[in-house]
C-alpha cells in the first residue's frame, strides 16, 4: 500500500500492472478491494490505480459529510504522482467523481 495526501487527509492506494494508466473510482463506502478480480485481470494490459475513498479502508476517516469536490481531489492526489490517466472506471457515486475531475480542469488526461 502507498499513500497520497489531500488537504491533510491520507489516501491509501495501490498500483497493479504496467501500461496505460486506468483509475478505478469506487462509490462512497467501498474500499479498493470492492472491485473483486477485475483489477488483477485488467493489470495484464493496464497500469491499474486503486484507492480507498476517504472514510473507508486504510485511508483516513475525517469528520464528514464529504463533498464530491473533496473526493475528486483525493483521486487527483493519487493520480498526480507522476501519472496521466487515459481512462477511469467508476461505480456510482464514483461516476460523480469523474465529473468532479472535469471541474478541476483535468479533462483529456491528467
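The values are calculated or read from the model by the stated rules, or taken from the named source; none is laboratory data. Source: prediction; values computed, not measured. Positions of Cβ are generated from backbone atoms using ideal geometry, with glycine treated the same way; all protein chains shown enter the neighbour counts.
What is the residue count in the stretch 33-48 for residues that are in a loop (DSSP other than H, G, I, E, B) and surrounded by 14 or more Cβ atoms within 10 Å (Cβ to Cβ)?
Filtering the stretch 33-48 for residues in a loop (DSSP other than H, G, I, E, B) gives 36-37, 43-45.
Those still in the list that are surrounded by 14 or more Cβ atoms within 10 Å (Cβ to Cβ) too: 43.
Summing the residues that are in a loop (DSSP other than H, G, I, E, B) and surrounded by 14 or more Cβ atoms within 10 Å (Cβ to Cβ) in the stretch 33-48 gives 1.
For the stretch 50-78, filtering for residues that are modelled with pLDDT of 90 or more, in contact with a helix residue (DSSP H, G or I) (Cβ under 8 Å, 6 or more places away or on another chain) and either part of a strand (DSSP E or B) or within 21 Å of residue 17 (Cβ to Cβ) (or both) leaves 4. Across the stretch 6-15, what is the number of residues that are over 10 Å from residue 52 (Cβ atoms) and at pLDDT 95 or above? Total meeting the criteria: 2. For the stretch 11-32, what are the residues that are crowded, with 17+ Cβ neighbours inside 10 Å and within 14 Å of residue 72 (Cα to Cα)? The answer is 11, 23, 24, 25, 26, 28.
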